[in-house]
Amino acid sequence: MSGASGVPISAAQVRDLLSDPKIFPQLADDDTEFVFDSLGLVWFLHLLELRCEVLAQSTDECFSGLTSARRIAAYLSETAVR
């Protein structure tokens with residue numbers, strides 16, 4: 001799904017959201033793998049909705065296990081609800 005402007009969410013936009021001090025302030029690039037903790041995931045989903053007007057469920061398999069900004073952007077472009 002796309003963001004508020006109708007443009008798909010890019011990996012760079014996802015990485016920007018993830019670079020919030022409460023999540024992963026030192027994220028190197030779009031392919032850096034990480035694992036969310038529960039608070040980080042909730043905060044990321046909040047920022048995603050607030051800044052990009054995109055809703056995603058915290059139960060989605062994309063957010064469990066190893067993931068990356070690029071993987072999340074691809075997933076959101078296919079499944080998120082605006």
Does any residue of region 33-40 turn out to be aliphatic (A, V, I, L, M), surrounded by 15 or more Cβ atoms within 10 Å (Cβ to Cβ) and part of a helix (DSSP H, G or I)? no
The correct count of residues that are outside any helix (DSSP H, G or I) and either in contact with a helix residue (DSSP H, G or I) (Cβ under 6 Å, 6 or more places away or on another chain) or within 17 Å of LYS22 (Cβ to Cβ) (or both) in region 41-55 is 2
Scanning region 41-76 residue by residue, those of a type in the set (Gly, Ala, Ser) and surrounded by 17 or more Cβ atoms within 10 Å (Cβ to Cβ) turn out to be ALA56, SER68, ALA69, ALA73
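Read-outs throughout are calculated quantities, based only on the coordinates presented, and are distinct from any laboratory measurement. What you see is a predicted model, and the numbers here were worked out from it, not measured in a lab. Ideal geometry is used to build each Cβ from the backbone, glycine not excepted, and the neighbour counts take in all protein chains shown.
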